[in-house]
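Sending over a structure as C-alpha cells; questions will come in a sec.
Please treat every number below as a calculation from the coordinates, not as lab data. The model shown is predicted, which means the values in this text are computed figures rather than measured ones. Here Cβ is always computed from backbone atoms with ideal geometry, including for glycine, and neighbour counts include all displayed protein chains.
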Amino acid sequence: MSLASLAEHVAEILDVGPGTRVFEVDCGRGDFLLPLHQNGYIVGGIDDDPDAIKDAIAAMPDGVFQTGSATALDPAVPWHVVVCRSFTGAPDLDYMRGLLARMFAKATHAIALLNVPDQRRQWMLHALAEIGANAIQIEDATYDQNAGADTFNVFARV
C-alpha cells in the first residue's frame with residue numbers, strides 16, 4: 001500500500017475529511033502528510049532531522065512543521081488527529097507510554113499508531129485504557145512489507 005493509500009485509509013477509518021488538522025510525529029519529509037495536504041487537510045509535524053523538516057516545508061509551505069524529537073511533542077497545541085508511524089523504532093515501554101500520553105493529550109478527535117510491533121499488542125491495549133481512549137480499533141498492518149507482517153495499527157478516539 002502506498003503512503004497516499006495509507007493516508008486515505010487512516011482518514012476513512014477516523015472519519016475525517018478536508019479541513020481536518022492532522023499532525024504527524026516523526027514526520028520526516030512529510031511523505032505521509034503530502035497526499036492529505038493535497039486534498040485540503042491542514043498538516044503539521046515534528047521530526048528531529050532539520051533537513052527533512054526543510055523538505056516538508058518546501059513541499060507544504062503552509063504546513064506547520066518543527067524540528068525536535070518526539071519527546072518534545074507539545075500537547076498544549078491541539079490538533080484533530082495525531083499520527084505516529086515510528087513505534088517500531090521506539091526504544092522502550094516508558095518512551096512509548098510517554099509518547100502515547102502526549103499524542104492523546106494533543107489530539108481532539110483521534111490518534112493513529114501505525115506499524116506497532118505485534119509483541120506490544122496487549123501492552124498497547126492496556127496503555128490506551130489507562131489514558132482513557134475509546135472506540136479503539138486494531139488491524140494487522142500486513143500492507144507494509146518494510147515493517148514486516150508482525151505489526152499492527154491502532155486507531156483510537158479521544
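With the Cα gyration tensor of the range 30-86 giving a ≥ b ≥ c as the square roots of its eigenvalues, does the rule (a/c under 1.5 for rounded; else a/b larger than b/c for prolate; else oblate) give rounded, prolate or oblate? Mind showing how you got there, number by number?
Values: a/c = 1.69, a/b = 1.15, b/c = 1.47.
Here the range 30-86 falls in the oblate category.
Roughly what percent of Cα-Cα pairs across the range 1-64 reach past 18 Å?
Of the Cα pairs, 27 percent sit more than 18 Å apart.
Tell me, what is the FRET efficiency for residue 129 and residue 13 to the nearest 0.05, using R0 = 22 angstrom and their Cβ-Cβ distance as r?
E between residue 129 and residue 13, to the nearest 0.05, is 0.65.
Sticking with this one: What number, in percent, do you get for the relative contact order of the range 3-157 if the mean sequence gap of Cα pairs under 8 Å and at least 6 apart is divided by its residue count? Please list the in-between numbers first.
On the way: 293 pairs, mean separation 28.7, N = 155.
Once normalised by length, the contact order is 19 percent.
For the chain, modelled as a GNM with alpha-carbon contacts under 10 angstrom, which of 99, 34, 125 fluctuates the most?
With Cα springs under 10 Å in the chain, the top fluctuation among 99, 34, 125 is at 125.
Amide H of residue 152: which non-local residues (sequence gap of 5 or more, or other chain) have their own amide H closer than 5 Å, using H built in the peptide plane?
It is 115, 116, 118, 141, by chain and number.
What is the diffusion coefficient of the chain in µm²/s, taking the Kirkwood radius over Cα pairs and the Stokes-Einstein relation at 25 °C with a viscosity of 0.890 mPa s? Working shown, then result.
On the way: Rh = 15.4 Å.
Estimated via Stokes-Einstein, D reaches 160 µm²/s.
Per residue of the range 78-84, in order, report the coupling 6.51 cos²θ - 1.76 cosθ + 1.60 (Karplus, θ = phi - 60°) as ³J(HN,Hα) in whole Hz, putting x for Gly and Pro.
Couplings: x, 9, 4, 10, 10, 10, 9 Hz.
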